[in-house]
Amino acid sequence: MPTTFFGWVSFLLKEYGGLFLSGTAMTLLVATTGTAFGFALGLLAAIVRCIELPHGAGAFKRALVKAANALLGVYVQVFRGTPMIVQAMVIYYGSMQYLGLDLDHTAAAILVVSVNTGAYMAEIIRGGIISVDKGQFEAAHAIGMTHWQTMTTVVLPQAIRNILPSVGNEFIVNIKDSSVLNVISVSELFFQAKSAAGTYFRYFEVFFIVAVIYLVLTLVASRLLRWVEKKMDGPENYVIYGSQTDSRAEIVVHGEGEGDA
Amino acid sequence: MSKVIEVEGLRKSFGSHEVLRGIDFSAAKGEVTCIIGSSGSGKSTLLRCINLLETPDAGCIRYHGKDILKDGVHLGQYHAKVGMVFQQFNLFNNMDALHNCMAGQMKVLRRSREESEANARKYLEKVGMGAYLAAKPRQLSGGQKQRVAIARTLAMDPEVILFDEPTSALDPEMVGEVLSVMQALAQEGMTMLVVTHEMGFARAASDQVVFMNDGVIAERGTPDEVLGAPKSERLRAFLSSML
């Protein structure tokens, strides 16, 4: 048996490397799909909550929108207002005992992370839509775009760019917080680590390794997100085609990039 | 001359404040109408009502004789035919100059990408922005933005263009470049409704000048009549304050 800290670390890595790896893969799967579904859910919720009915809208339409808004309000309040670890227990065991569903652990995990993230995303995206200048809506309406066209071609691209840092935040939170899903036996990183630690009772070394893995994951994720942000902003420079003396000239202009870091 | 836009008995209130108190006026094809008046007189609200960015409370707006609020006029098509240029430019911030001029053509007029791009290039060239196709709005000066905004409107092949104080947000040295584009349009026979504080432009380019005061049209006539020989004390005071 190893006697030093590093001895134990390398021993455990050799012994349980596969376990750590599969745990990491599961954590990433749950975090990415959960964030993606949560984003889609939040987008839908935010768009519904941002619907502004014209003055002439009928009573039925009005009631429908009101009901949808109330329902979404409850959804956001419930899933933001309770811990994810509790939501996991309620959804997993609830669906088993009362709906007779034997949810696959992975499916249950993705479901829990998605609806939880969706509740946060709904508010983040709504904030993003509100932050887009009203003139953008007006200009789009003034050239004849419908509400839907305005949203998809003009408003949402800007809103999503603005909220990208917050979305990245949610992703990073999900990488870490998916660890609570060990309570419903999802074989993510923390769950795998527990079983690895239990065999030799080397809790410190195992969780040291796990901490390093989480740190690497979140570091890479934040770098990736910065890169995506840069990509979305497009080039800071642009080309002017043709000068006064030479119509084929291309002059590269270095943009100021107001407000962009 | 046939009337393109007719406004009758138009009223609009915001809360308890009545901004438009019964407006009647019309613009014929190819006519340039300048709407002048002090701030708060309802000029911009009038334009915004004609464009339906605001819903009028009463009265009617007719486009080629058809009531746009009633007669089943397709609003998307109407908006395409009646373009608007804003004080704050309102270029789509997520697109470069070229795509700003293409989006409406593709989405609203359902033109092909190639046709839209050719049109966009043509009109950007026309307003002297042909070299800046790839520039994002944040990389352009105010005058450049406004010229792109005019190209964006022109690319929809509008019949009427509404200008809502197009030069008010510009630095003085950029006003000229935008006004000369507008002057060229006027000479080509574009029907234009222009809310402006540029009296020189009103005098030189317009066929009729409308003076608004307190939500009503106080005086209306040729530039010589309204600007040269104002009838009311109110208009005289306004004009002398503009010098």
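We did not get these values from a lab; they are worked out from the coordinates using the rules stated. Small disclaimer: the values here were computed from a predicted structure and weren't measured. Reconstructed Cβ throughout: ideal geometry from the backbone, glycine too, with neighbour counts over all protein chains shown.
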Förster radius 51 Å - calculated FRET efficiency between A:W148 and A:E15 (Cβ-Cβ, nearest 0.05): 0.35
Per-pair calculated FRET efficiency, R0 = 35 Å: A:A36 and A:K194 via Cβ, rounded to 0.05: 0.80
Quick one: helix A:84-97 against the long Cα principal axis of chain A, what's the angle to the nearest 10°, folded into 0 to 90? 80 degrees
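Let me have the 222 nm mean residue ellipticity of chain B computed from DSSP H runs of 4+ only, each contributing -39500 (n - 2.57), with the sum over all residues rounded to the nearest 500. Working shown, then result.
Values: 8 runs with 86 residues, N = 243.
Calculated from helices alone, the mean residue ellipticity at 222 nm is -10500 deg cm²/dmol.
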Non-local Lys pairs in chain A, i.e. 8 or more apart or on different chains, that have alpha carbons under 27 Å apart: 9
Starting from the Cα of A:S22, step 7 Å toward the Cβ, then list every residue of the stretch A:189-230 with an amide N under 11 Å from that point. A:192
Fewest Cβ neighbours within 10 Å first, please rank A:T35, A:T24 accordingly. A:T24, A:T35
What base-10 log of the normalised intensity I(q)/I(0) is obtained for the stretch B:8-124 from the Debye formula, alpha carbons as equal point scatterers, at q = 0.13, 0.18, 0.19 Å⁻¹? -0.66, -1.07, -1.14
Scale the Cα Rg of the stretch A:2-63 by the rule-of-thumb value 2.2 N^0.38 Å and send over the ratio, two decimals. 2.38
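To the nearest 0.05, what FRET efficiency results for B:E18 and B:S38 with a Förster distance of 25 Å applied to their C-beta separation?
Values: r = 17 Å, r/R0 = 0.67.
After rounding to 0.05, the efficiency reads 0.90.
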In square nanometres, what is the average projected area of the Cα convex hull of the protein assembly as shown? 32.5 nm²
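Sort A:T150, B:T33, B:T222 so that the residue with the fewest other Cβ atoms within 10 Å of its own Cβ comes first and the one with the most comes last. It would help to have the intermediate numbers written out before the result.
Values: A:T150 20, B:T33 23, B:T222 13.
If I rank by nearby Cβ atoms, fewest first, I get B:T222, A:T150, B:T33.
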To the nearest 10 degrees, how steeply does helix B:142-154 sit against the main Cα axis of chain B, on a 0 to 90 scale? 90 degrees
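Given 0.36 nm per residue, what is the gain on full extension from B:A118 to B:T222 after removing their alpha carbon distance, in nm?
Working: separation 104, 0.36 × 104 = 37.44 nm, distance 3.81 nm.
Answer, rounded to one decimal: 33.6 nm.
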Do you know the relative contact order of chain A, to the nearest whole percent, from alpha carbon pairs under 8 angstrom that are 6+ apart? 26 percent
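Per DSSP H run of n ≥ 4, the term is -39500 (n - 2.57); total these for chain A, divide by its residue number, and report the mean residue ellipticity at 222 nm rounded to 500 deg cm²/dmol.
Working: 8 runs with 183 residues, N = 261.
Helix contribution divided over all residues of chain A: -24500 deg cm²/dmol.
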Ranked from fewest to most other Cβ atoms within 10 Å of their own Cβ, B:R147, B:R111 fall in the order B:R111, B:R147
Under a point spin-label approximation (7 Å from Cα along Cα-to-Cβ), what is the A:F207-B:R11 distance to one decimal in nm? 7.4 nm
Calculate I(q)/I(0) for chain B by the Debye formula, one identical point scatterer on each C-alpha and no solvent, and give its log10 at q = 0.08, 0.10 Å⁻¹ to two decimals. -0.30, -0.47
With angles folded into 0 to 90 degrees, how steeply does helix A:5-49 sit against the dominant principal axis of chain A? Use alpha carbons for both and round to 10. 30 degrees
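Per residue and in cubic angstrom, what volume does the convex hull of the Cα atoms of chain A have? Write down the numbers at each step before the final one.
Details: hull volume 51.1 nm³, N = 261.
Roughly 196 Å³ of hull volume per residue.
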